Amino acid sequence: MNHWLIYASMPVLAAFIGYTTKLVAIEMMFRPVEFVGRPPLLGWQGIVPRNVGRIGSISVNLLLGRLINPNEILARMDPAELLEQLHEPLNQAVTEIGTDLIEKYQPQLWELLPAEARRPVLRQIAAQAPKAVAELMADFSRNPEAYLDTRDMALANLASDRSVLNRLIRDVGGRELRFIAHSGLYFGLVIGLLQAGVWALTHEPLIMPIFGAVVGLSTDWIALKMIFFPREERRFLGVFRWQGLFQKRRHEVATDYGRVVADEILTVPKIVEALLTGPRSDRLIALVQRHVSDVVDRQFGLARPLVVLGVGSRRYRQLKADIAERALAAAPRAMEPAMAYAKQALGIQDTVVRAMRALTPLEFESVLRPAFRQDEWKLILVGGILGAIVGELQVHLLIGPLSGG
């Protein structure tokens, strides 16, 4: 009668092995975000965060090569509407910059002016700002990628916060990851029944760790294949229909992917930051300096030679450089009221969703597959090792005492 407990335990424990090894394997994909242990060999870092450069590069190449045209996206903003959104913050920023710089370059003259006389001067300065911004935007919109390296921006965002790529894959492939875990139960149960049959014929203790390893190895492999294959729906045995889960959820996956890209990778604040600090920011700085120089020269008009004579040519050039520097520094704060409009105008999420739904099955697979492909053998191997350990524990904790009794 005791032997029936052994037989009953085998499919249950096999299902347990299948499920737990999947949970461990899934967590090992994403955790820990930073390496824990003694590098390079003693320790572990989640597969996704460790390979953020490779996986991120594949994802960004798909995003920018197939889903989004940066020039087309950036050209969607209406300059007139953007200026309307920026009217108040632009006036405030220009007034502050003008006041500070006048006090710096002509402190005595400014102090002598009464408040009533200062206001028209500041209003005149502020009145020049919208025209200058419109001219700057016109130059920028002719070739946005000359000033913004979108690929570098996206990769930098992923590298600076490795958890973003984790969330991208978890959100997009959440249902597939749950399927991997749950499949361990079902496949493990089936293999456990086979294990019980072999045990009944052989009564060999090695059966337990061997079948534990088989459960851990095979269920991982089968689950991964069932996620992605077949790419198109097929009928098996003339009755059962199956399509890779990821391919079957194309519309839902596209929606999740577009949301994460728009909310965490290609966001308006990060675009502004990349323009000001990215590898091509020097071009934007030069563009701003040129437009500032033109505005200042036009502001003084015919009196410019006298102004240059009064403050000196070096200080006049420094004045224009200071204005450009202050304008760039004030840009992120001044842009804040227009962020909602800019996000809506760019329409990144809708663009990504539409483009993803038009991908071929093979292209669509590349959204999630890179997270598994290179290191999936490690996940399968870990499942096999854990399964063998649990099987050996089964020998010592269950079969040993019952056999002795």
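Do any chymotrypsin sites (Phe, Trp or Tyr not before Pro) in the range 162-263 lie in a DSSP loop with no more than 10 other beta carbon atoms within 10 Å, and if so, which?
none
Provide the net charge surrounding Arg280, with neighbours chosen by a C-beta distance below 9 Å and charges set as Lys +1, Arg +1, Asp -1, Glu -1. All intermediate terms of the calculation are to be shown ahead of the outcome.
Details: positive: Arg283; negative: Glu145, Asp149, Asp152, Asp282.
With Lys, Arg at +1 and Asp, Glu at -1, the net is -3.
I want the local charge near Glu336. Using Cβ-Cβ distances under 13 Å, sum +1 for each Lys or Arg and -1 for each Asp or Glu among the other residues.
On the way: positive: Arg333, Lys343; negative: Glu88, Glu273.
Summing Lys and Arg as +1 and Asp and Glu as -1 gives 0.
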- request: With label points built 7 Å along Cα→Cβ from the Cα atoms of Arg76 and Ser57, find their separation and express it in nm.
  value: 2.9
field: Lys, Arg +1 and Asp, Glu -1 on Cβ, resulting dipole of the range 191-301 about Cα centre, debye, nearest 20
entry: 440
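Taking 25 Å as R0, compute the FRET efficiency from the Cβ-Cβ separation of Glu135 and Arg314 and round it to 0.05. All intermediate terms of the calculation are to be shown ahead of the outcome.
Details: r = 26 Å, r/R0 = 1.05.
My answer for the efficiency is 0.40.
Please compute the net charge surrounding Gly258, taking Lys and Arg as +1 and Asp and Glu as -1 over other residues with Cβ under 9 Å from its Cβ.
Values: positive: Arg259, Arg354; negative: Asp256, Asp350.
Residues near Gly258 contribute 0 overall.
Can you compute the FRET efficiency between Val198 and Trp4 using 1/(1 + (r/R0)^6), with r the Cβ-Cβ distance and R0 = 22 Å? Round to the nearest 0.05. Each step should come with its number before you reach the end.
Details: r = 16 Å, r/R0 = 0.74.
After rounding to 0.05, the efficiency reads 0.85.
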message: Can you give me the distance in nm between label points at Ser366 and Glu34, each placed 7 Å from the Cα along the Cα-to-Cβ direction?
response: 3.4
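Let me know the charge dipole size of the range 1-83 about its Cα centre in debye, to the nearest 20, where only the beta-carbon of Lys, Arg (+1) and Asp, Glu (-1) is charged.
Working: 7 positive and 5 negative charges, 84 e Å.
Taking the Cα centre of the range 1-83 as origin, the dipole is about 400 debye.
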statement: With the dipole of the range 186-257 defined by +1 on each Lys or Arg Cβ and -1 on each Asp or Glu Cβ, the option from Phe211, His251, Leu224 whose Cα lies farthest towards the positive pole is His251
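Every number here is computed from the coordinates shown, using simple stated rules; none is lab data. No experiment lies behind these values; they were computed from the predicted model shown. Counting neighbours? That spans all protein chains shown, and the Cβs are built from the backbone with ideal geometry, glycine included.
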